[in-house]
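Here the structure comes first, spelled out in structure tokens, and everything after it is commentary.
The values are calculated or read from the model by the stated rules, or taken from the named source; none is laboratory data. Everything numeric here is computed off the predicted structure, so don't read it as measured data. Ideal geometry is used to build each Cβ from the backbone, glycine not excepted, and the neighbour counts take in all protein chains shown.
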Amino acid sequence: MAQPIIDLKDITVTFHNDQQVLPAVQDVNLAIDSGDVYGIIGYSGAGKSTLVRVINLLQAPTEGRVVVNDQALQDLSPAKLRQARRQVGMIFQHFNLMGSRTVLGNVIYPLLGQKISKQERQAKALRLLKLVGLEAYAQAYPSKLSGGQKQRVAIARALITDPKVLISDEATSALDPKTTASILSLLQRLNQELGLTIVLITHEMQVIKSICHHVAVMEDGQIIERGPVAQVFTAPQEALTLDFVEAATNVRAAIKRITRTIRLSELAANQELIAFKFIGQATKHGVISQLSQEFKVDVNILFANIDQIDGQNVGDMIAVITGDLAAFNPAVAKMASEGVHAQVIDEQVVKGLSD
Amino acid sequence: MAALLPNVLQMKSEFIQATLATLYMTAVSAIIAGVLGLGLGILLVVTQPGGLLSDQPSYQLLDKATNLLRSVPFIILLAVISPLTNYLIGTTVGTTASLVPLVLGIFPFYARQVQNALLDVDQGIVEAAQSMGSSPLAIIFRVYLKEGLPDLIRVSIVTVISLIGLTTMAGAIGAGGLGDIAISIGYARFENDVTLVAMLIILVLVFAVQLAGDWLVKRVTHD
Ligand SMILES: Nc1ncnc2c1ncn2[C@@H]1O[C@H](COP(=O)(O)OP(=O)(O)OP(=O)(O)O)[C@@H](O)[C@H]1O
Ligand SMILES: [Mg+2]
């Protein structure tokens, strides 16, 4: 296994605000492989921005080691550090374009003062503007652009130094859903076509779901859960992770809605309300129709949803089963290894949802 | 005309002389104080806590010194620094001698204005520039001064206009100029038309500066 391109070891960042000690990041280890799209999710104040600002040493950690691209950044001279920063592009929620420069001027900015001729600079900037679909706006000023266009300019600017890593700090948080989708697909293209490693901060699981391969969940300065996106999505371990997953799948909301109209106490003795989750291949086979034929049960589907998570299908289904439950339930429980997970919804589950 | 402005008409050349003296004092002290104030303003911004080259002791020193200089009333400054003026210029009276108090009087004021203008530059842009590997010097010139240019021009106009006001006070130490004419001739000899015309010329100068500044601001603003 190659060395990770970003290797943060035992990172702690402590802020001192007038007598107050604020541990923004606590003892975080984070290794990101080259070519990965790594998401970091957490609520406001969790320490996400502080952690990623450590990657290019915009924020010096109170403790810990920062190794990027095989360079221990803390050992570098200021000039060498500035050189190293050029390997890590960064885009921001509020775009941070310079209003005094044209679109082209903004994209060229990182090359000012570098040993590269004006023609080459312009040619390179125009090439990147073409890549992000904005070559027609080269001479416009940022104030004339929409949010999505501004973010594209920021992306072109971040790419002009040929970075190996792109950090996106809530880059889509100020954009509408459609523009968000187009920016995310641009990032995905950059990852696939240029092999760009992307570190993406967000507070929306939807964003993680659409382009990340790995995800880390942050709370109170710590990473509380991490792993491949499909795994974290389908089997979240922490309550906070579950919150984020739920926000993106709406299964819990569906259960709440359903149990308001179908009273569990009104179900017959041979009936149950059950929530299925299908992962991977299980979404393709007719698992349910198979089961209903085999056990002669009636399946009344109340909610169903299928999703793509990091390229893998994940399905959710809520149904009322009528029939021989004593035979059906154990049979379903045995199918976990095939990617079928079922949970019978009883009063206790419903109670757990409401608080 | 002769009835309205009996004294002014006989003093045409004095008025031209005085206007030129006012322009000279304003322009030269504006340039020198501009350079000093811009430098001090930039230093205040970069040394402040959280700044590019954050340095608490330097910031405290510069900040206190700026406040101190700003709190001395100009008319007192004129007198207090006359030994310095004598040392630098060789005399304490005259147009050129007045440049020393004018510069000292205005540059701390300008430095504060510059500081405020630069602090208004979006910190996010500064951070973006840092992430792109810009050096502190590059950020000062390519980000702070460029992004802050419209505001810098605005505060420069305010400063030049204040400076025109100060040159009239410098007339009190025989600096010459329109202020001198208005007071030592118009006021002292009860020649009201002289005072009035001196004032009108000053107003025209102020308007001209304001107009030129507004035009410049418009040219460098892109939103
Ligand atoms: N320069 C600073 N000085 C003092 N405290 C800071 C500084 N930067 C961040 N903090 C504090 O550190 C904590 C973590 O902030 P951070 O910006 O990393 O959170 P975040 O997860 O990015 O949140 P958001 O989603 O709101 O951007 C917050 O409590 C914040 O107030
Ligand atoms: Mg943040």
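Taking the stated definitions as given, is B:Ala111 among the small types (Gly, Ala, Ser), touching a helix residue (DSSP H, G or I) at 6+ places or on another chain (Cβ under 9 Å) and either modelled with pLDDT under 95 or within 30 Å of A:Thr102 (Cβ to Cβ) (or both)?
The answer is no for B:Ala111.
Restricting to the range B:120-144, what's the tally of residues that are touching a helix residue (DSSP H, G or I) at 6+ places or on another chain (Cβ under 9 Å), without any contact (Cβ under 8 Å) to a residue 60 or more places away in the chain and not polar (S, T, N, Q)?
Going through the range B:120-144 one residue at a time, the tally reaches 12.
Restricting to the range A:256-295, give me the number of residues that are assigned to a loop (DSSP other than H, G, I, E, B) and either buried (at least 19 other Cβ atoms within 10 Å of the Cβ) or of a type outside the set (S, T, N, Q) (or both).
Total satisfying the criteria: 8.
Looking only at residues that are surrounded by fewer than 19 Cβ atoms within 10 Å (Cβ to Cβ) and among the small types (Gly, Ala, Ser) in the range A:157-191, which one is nearest to ligand 2 (Cβ to nearest atom)?
Out of the qualifying residues, it is A:Ser173.
Among (1) modelled with pLDDT under 90; (2) under 30 Å from B:Val143 (Cα atoms), where does B:Leu53 come up short?
(1)
Taking the conditions exactly as written (away from chain B (no Cβ under 14 Å) and either within 16 Å of ligand 2 (Cβ to nearest atom) or closer than 30 Å to A:Arg101 by Cβ (or both)), does A:Gly227 satisfy them or not? Spell out how you get there, then give the answer.
Values: away from chain B (no Cβ under 14 Å): yes; either within 16 Å of ligand 2 (Cβ to nearest atom) or closer than 30 Å to A:Arg101 by Cβ (or both): no.
The answer is no for A:Gly227.
Scan the range A:315-355 for residues that are among the hydrophobic types (A, V, I, L, M, F, W, C) and either in contact with a Ser or Thr (Cβ under 8 Å, 6 or more places away or on another chain) or in a helix (DSSP H, G or I) (or both) and report the count.
To start, the set of residues in the range A:315-355 that are among the hydrophobic types (A, V, I, L, M, F, W, C) comprises A:317-321, A:325-328, A:331-333, A:335-336, A:340, A:342, A:344-345, A:349-350, A:353.
Checking which are either in contact with a Ser or Thr (Cβ under 8 Å, 6 or more places away or on another chain) or in a helix (DSSP H, G or I) (or both) leaves us with A:325-328, A:331-333, A:335-336, A:345, A:349-350, A:353.
Residues in the range A:315-355 being among the hydrophobic types (A, V, I, L, M, F, W, C) and either in contact with a Ser or Thr (Cβ under 8 Å, 6 or more places away or on another chain) or in a helix (DSSP H, G or I) (or both): 13 in total.
Among the residues of the range A:44-71 satisfying the criterion of being small (Gly, Ala, Ser) and within 8 Å of ligand 1 (Cβ to nearest atom), which is farthest from B:Gly124 (Cα to Cα)?
A:Ala46
If a residue has to be away from chain B (no Cβ under 13 Å) and crowded, with 16+ Cβ neighbours inside 10 Å to count, how many in the range A:123-146 make the cut? Give the steps one after another, and end with the answer.
Filtering the range A:123-146 for residues away from chain B (no Cβ under 13 Å) gives A:123-138, A:146.
Now restrict to residues that are crowded, with 16+ Cβ neighbours inside 10 Å: A:124-126, A:128-129, A:131-132, A:134-135, A:137-138.
Residues in the range A:123-146 being away from chain B (no Cβ under 13 Å) and crowded, with 16+ Cβ neighbours inside 10 Å: 11 in total.
Answer yes or no as to whether A:Val199 is within 13 Å of the chain's Cα centre (by Cα), within 16 Å of ligand 2 (Cβ to nearest atom) and within 14 Å of another protein chain (Cβ to nearest Cβ).
Working: within 13 Å of the chain's Cα centre (by Cα): yes; within 16 Å of ligand 2 (Cβ to nearest atom): yes; within 14 Å of another protein chain (Cβ to nearest Cβ): yes.
Here the answer is yes, as A:Val199 does meet what is asked.
For the range B:200-218, what are the residues that are within 14 Å of chain A (Cβ to nearest Cβ) and loosely packed, with under 11 Cβ neighbours inside 10 Å?
Within the range B:200-218, just B:Lys218 meets the criteria.
How many residues are more than 14 Å from chain A (Cβ to nearest Cβ) and either within 16 Å of B:Phe107 (Cβ to Cβ) or assigned to a helix (DSSP H, G or I) (or both) if we restrict to the range B:140-177?
20
Among the numbered conditions (1) over 26 Å from A:Asn313 (Cβ atoms); (2) over 19 Å from the mean Cα position of the chain (by Cα), tell me where A:Glu193 comes up short.
(1)
Of A:Val13, A:Val28, A:Val37, which residue is away from ligand 1 (no atom under 12 Å from the Cβ) and assigned by TED's automatic domain parsing to the domain that holds A:His214? Steps first, please.
Working: A:Val13 fails: away from ligand 1 (no atom under 12 Å from the Cβ); A:Val28 fails: away from ligand 1 (no atom under 12 Å from the Cβ).
Being away from ligand 1 (no atom under 12 Å from the Cβ) and assigned by TED's automatic domain parsing to the domain that holds A:His214 holds for just one of A:Val13, A:Val28, A:Val37, which is A:Val37.
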